[in-house]
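**Q** This structure is in structure tokens; I'll ask about it shortly.
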Amino acid sequence: MKNLQGISLDTVLLQWRALRESIRECLRVTPDELLGWAPRDGMRTLGQLYVHFSSPLDWWLTNSFKDGGQWIPSIERPSDDKTKLDNDIVASFERMERYLISADLTRMYEFKGEQVSGYWIILHLFEHDSHHRGQVITYLRMNGINPPQV
Ligand code: NI
């Protein structure tokens, strides 16, 4: 089986950075009045979805990678302020990049009772961003807003 660790971290970060820029573009075309909108009760609002791009990265960095930084739970972050949402999306990714530059991704970490590698975590977080960007795009289209091209 091919060893995926042969993919350089630079390649992963290049793709991930582009994904994050696309998420920021979604935020730019989101009207302020839609930040509190959700398709139905019990689902995250659009604003809460944008919070959900920064809080999980901070969670992993604080609790698993233990980079010494802070994690603020989603519920304590404002979801109605586009400038703050954008700043947090950028800051959480820059924090991840700073950590990854010197990280040993072959190291194993505990997650839900299992051992996972740093590579697994990065792939998981990339997939998480991609999944929720799709959700944001669906929300935007349901409101007649054209999302950026992927
Ligand atoms: Ni999620």
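Each reported figure results from applying straightforward, stated rules to the coordinates on display, with no laboratory input. All figures in this text were calculated on a predicted structure; none of them were measured in a lab. Neighbour counts are summed over all protein chains in view; Cβ atoms, including those assigned to glycine, are modelled from backbone coordinates with ideal geometry.
**Q** Over its Cα atoms, what ratio of radius of gyration to 2.2 N^0.38 Å does segment 70-139 give?
**A** 1.30
**Q** Taking a point 7 angstrom from the Cα of Ile145 along the C-beta vector, which residues in segment 41-69 have backbone N less than 12 Å away?
**A** 46-50
**Q** Going by amide H atoms built from the backbone, whose H comes under 5 Å of the H on Ser117, apart from near neighbours?
**A** Result for Ser117 returns Tyr109.
**Q** In whole Å, what is the distance between the alpha-carbon centres of segment 29-79 and segment 121-150?
**A** What the calculation gives is 14 Å, centre to centre.
**Q** Could you give the nm distance between label points at Asp80 and Glu114, where each point is 7 Å from its Cα heading toward the beta carbon?
**A** Rounded to a tenth, the inter-label distance reads 4.0 nm.
**Q** Further question: Place a +1 charge on the Cβ of each Lys and Arg in segment 4-142 and a -1 charge on the Cβ of each Asp and Glu, then give the dipole magnitude about the Cα centre in debye, rounded to the nearest 20.
**A** Here segment 4-142 has a charge dipole of around 160 debye.
**Q** With a cut-off of at most 14 other beta carbons within 10 Å, and DSSP calling the residue loop, which trypsin sites (Lys or Arg not before Pro) in segment 50-150 qualify? Please list them.
**A** Sites meeting the loop and neighbour criteria: Lys66, Arg107, Lys112.
**Q** A follow-up question, please. Most mobile of Ile101, Ile89, Ile72 per a Gaussian network model of the chain (Cα springs, under 10 Å)?
**A** Ile101
**Q** Give the angle, between 0 and 90 degrees and rounded to the nearest 10, that separates the Cα long axis of helix 82-101 from the longest principal axis of the Cα atoms of the chain.
**A** Value to nearest ten degrees: 10.
**Q** What angle do you read, to the nearest 10 degrees and between 0 and 90, between the alpha-carbon axis of helix 46-63 and the longest principal axis of the chain?
**A** 20 degrees
**Q** Percentage of Cα-Cα pair distances in the chain greater than 27 Å, rounded to whole percent?
**A** Every Cα pair in the chain considered, those over 27 Å come to 25 percent.
**Q** Related question: Using only Cα atoms, find the angle between the long axis of helix 118-142 and the longest principal axis of the chain, and express it within 0 to 90 degrees, rounded to the nearest 10.
**A** 10 degrees
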